[in-house]
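Notes to accompany the following structure.
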Amino acid sequence: MRLAYIATRHAYLHAGVHCKIVKHMRILLLVSVLGAMHYSHKNIVSTVNLDCKLDLKAIALQARNAEYNPKRFAAVIMRIREPKTTALIFASGKMVCTGAKSEQQSKLAARKYARIIQKLGFPAKFKDFKIQNIVGSCDVKFPIRLEGLAYSHGAFSSYEPELFPGLIYRMKQPKIVLLIFVSGKIVLTGAKVRDETYTAFENIYPVLTEFRKVQQ
């Protein structure tokens, strides 16, 4: 799989094809490789501005699947089943939506929450929707020498196995944080757009293969 990935990528980069086609083919290739590694988006976090002041106590009393305990947290926590998500709704009108598996699901869920607020009598709008974080995971299917990786990439890595079993790799470009486990399982977080997760994987995969643990 690794040889096919490198060979195909090399061919695309040296074929003299239009840059947009190269980018499209590169993404298709990465999606194919990631699919074989069971890559999936685990959580999409988005924000939106409802652009009105909210009475959180009134919302919690009237809405289904809503809870509000101001002594513990200064927001209403509301849930819907489809898409299965949770919203944090603040008195300022700001809302955070978490739990969706795709950007489209996240936007759909945020609109549903906004409509619920509207039906409760508030002049809620739907402004400045933005994806704040995309969390994904995959399995490269081989064990990794985390000690060697941490030593060679010390400027980007933090590895303290007595505190946390994974290596924390802070990639500069794109600005993504990867949690790398000895088993080969990887968690990517911090992306704002999906392509950033693909680019981060493309950057880290050769590093992971370099520190592949040879099993006896």
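Please treat every number below as a calculation from the coordinates, not as lab data. Predicted model, so just to flag it, every value in this text is computed and none were measured. Cβ placement follows ideal geometry from the backbone for every residue including glycine, while neighbour counts extend to all protein chains displayed.
Observations
- Under 13 Å, Cβ to Cβ, from residue 156 - net charge with Lys/Arg +1 and Asp/Glu -1: +3
- Inter-probe distance in nm under a simple model that places probes 7 Å from Cα toward Cβ, at residue 43 and residue 57: 3.1 nm
- Here the gap between residue 212 and residue 82, fully extended at 0.36 nm per residue and compared with their Cα-Cα distance, gives a gain of 42.7 nm.
- The protection proxy used here, the mean number of other Cβ atoms lying within 10 Å of each residue, ranks peptides 67-80, 47-60 as follows, highest first: 47-60, 67-80.
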